[in-house]
Amino acid sequence: MTPPRTQTTELYEWPPTRSQREKWALEELGIDYSSHLVDLQNGQQDSGAYLALQPLGVVPALKTADYAMFESVAIVLQLIDEHPAKNLAPAVGSPERASYYQWCVFACAELDSPIMMFFDNTMRPLAHMRPAGAQHDSALAERGRSDFAARAQILSAVLGDRDYLLGREFSGADILVGHSCFMAGVTGLIGDYPVLEADHARLQQRPAYQRAYGH
Amino acid sequence: MKELFEFPPTRSNRTKWALEELGVDYTSHVVSLPNGENNAANYKAIHPLGVVPAYRTATFTIFESVAIVLQLLDEHPAAGLAPAIGSPERAAYYQWSVFSCCELDPALFDVMSTRCICRPNSACPRLRNAGGTGSRRGVRFSQTPLKAGTTSWARHFPAPTLRWDIPVTGRRIPD
């Protein structure tokens, strides 16, 4: 008799960075996983072992018995597809699936960049600037703020008349955009958008969110 | 009816290429960015950020070039352009699809917007910040030709992969 194959799912994370998206999705899906902390402050992300897994040296990365992958949005899409019974994504090929993809991509392609531009030029400790020695640039901070504003207004209009991005059902899109809103909360950018604040407060009530974010 | 809102050769070409690969019958609407058609109210009703591409069918309207391609490929499984849902290959497919818009585009757009489009004495903060913090994760550019290792994500790729030798022949976007 052969022993059952060990089904390990390994998350490489550094809370509360974007690896929280994977952690939140893993908790929502009830997946048994092990966590590896990649200490960004001490440069563990630039070690050869980690670069073999994530060649950019950023978190998150995910390793299973069958594959290893990176990109926070891609990992959440994949995990949710692997657990269709949890109903966190619309049926493949449906019109709802188009909206789902749109908001999932919107999180990383539209929201993350301006929030990080603002963070990097207002809140990032000077000792951790990239490249080393760079200073905060107020023009870039303002550009981050204004780019975020255009996108926050779009989200506010959508979420103003519904519970979740896709309507009445929570989905992976709420996880991905939800973490962008978490980042906007850390930077203070979300304060001008009460609809987004209220939406995020509702997401924070979810047990899986609380397990992932350590509330 | 399938409608593509595009302005070649921007990222709307991703969507156009996918439509052509799949043999989808579609109508093209050129949204002139130099003429500001992207900021007209009737276009912003389709794409609230006022950028291309957007895609409209009888049942839905979406934007984000990567999202549109993912959706189109799912709608045409017989074309075999996307691995099966839930397969390990699908993980790699998602990873590289997202990599294109979230890693490559910001880095390349930094270079393009500062070296190919902005005027030399532009007030563009990215240009003024040459060699400085860059807009994103240590991505930076210099006035010299781009070489491997100049960006954090580029360290692991050979120089020819990165060299931005494509002449920009498209219409110039004013500052």
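Read-outs throughout are calculated quantities, based only on the coordinates presented, and are distinct from any laboratory measurement. Given the structure is predicted, the values throughout are model-derived calculations rather than measurements. Ideal geometry is used to build each Cβ from the backbone, glycine not excepted, and the neighbour counts take in all protein chains shown.
Quick one: in the stretch B:69-111, of everything that is under 19 Å from residue A:100 (Cα atoms) and among the hydroxyl-bearing types (Ser, Thr, Tyr), which residue is nearest to the other protein chains (Cβ to nearest Cβ)?
My answer is B:94.
Could you figure out which of (1) within 11 Å of chain B (Cβ to nearest Cβ); (2) under 19 Å from the mean Cα position of the chain (by Cα); (3) outside any helix (DSSP H, G or I) isn't true of residue A:39?
Going through the list (1) within 11 Å of chain B (Cβ to nearest Cβ); (2) under 19 Å from the mean Cα position of the chain (by Cα); (3) outside any helix (DSSP H, G or I), residue A:39 breaks only (1).
Could you tell me whether any residue of the stretch A:3-23 is among the hydroxyl-bearing types (Ser, Thr, Tyr), in contact with a Leu (Cβ under 8 Å, 6 or more places away or on another chain) and over 22 Å from residue A:128 (Cα atoms)?
yes
So, in the stretch B:6-32, of the ones that are part of a loop (DSSP other than H, G, I, E, B) and of a type in the set (A, V, I, L, M), which residue ends up farthest from residue B:47 (Cα to Cα)? Show your work before the answer.
Restricting attention to the stretch B:6-32, the residues satisfying the condition of being part of a loop (DSSP other than H, G, I, E, B) are B:7-11, B:23-26, B:31-32.
Add one more test, that the residue is of a type in the set (A, V, I, L, M), and what stays is B:24, B:31.
Details: B:24: 22, B:31: 11 Å.
Checking each candidate, the answer is B:24.
Considering only residues that are crowded, with 16+ Cβ neighbours inside 10 Å and of a type in the set (S, T, N, Q), look in the stretch A:66-91 and name the one that is nearest to the other protein chains (Cβ to nearest Cβ). Steps first, please.
Filtering the stretch A:66-91 down to residues crowded, with 16+ Cβ neighbours inside 10 Å leaves A:68-83, A:88-90.
Then drop every residue that is not of a type in the set (S, T, N, Q), which leaves A:72, A:78.
Working: A:72: 8, A:78: 5 Å.
My answer is A:78.
Take residue A:139 and tell me if it is out of contact with any strand residue (DSSP E or B) (no Cβ under 7 Å at 6 or more places or on another chain), surrounded by fewer than 16 Cβ atoms within 10 Å (Cβ to Cβ) and over 20 Å from residue A:18 (Cβ atoms).
Criteria met by residue A:139.
Can you name every residue in the stretch A:25-45 that is surrounded by 14 or more Cβ atoms within 10 Å (Cβ to Cβ) and over 29 Å from residue A:85 (Cβ atoms)?
Residues satisfying the conditions are A:38, A:40, A:44, A:45.
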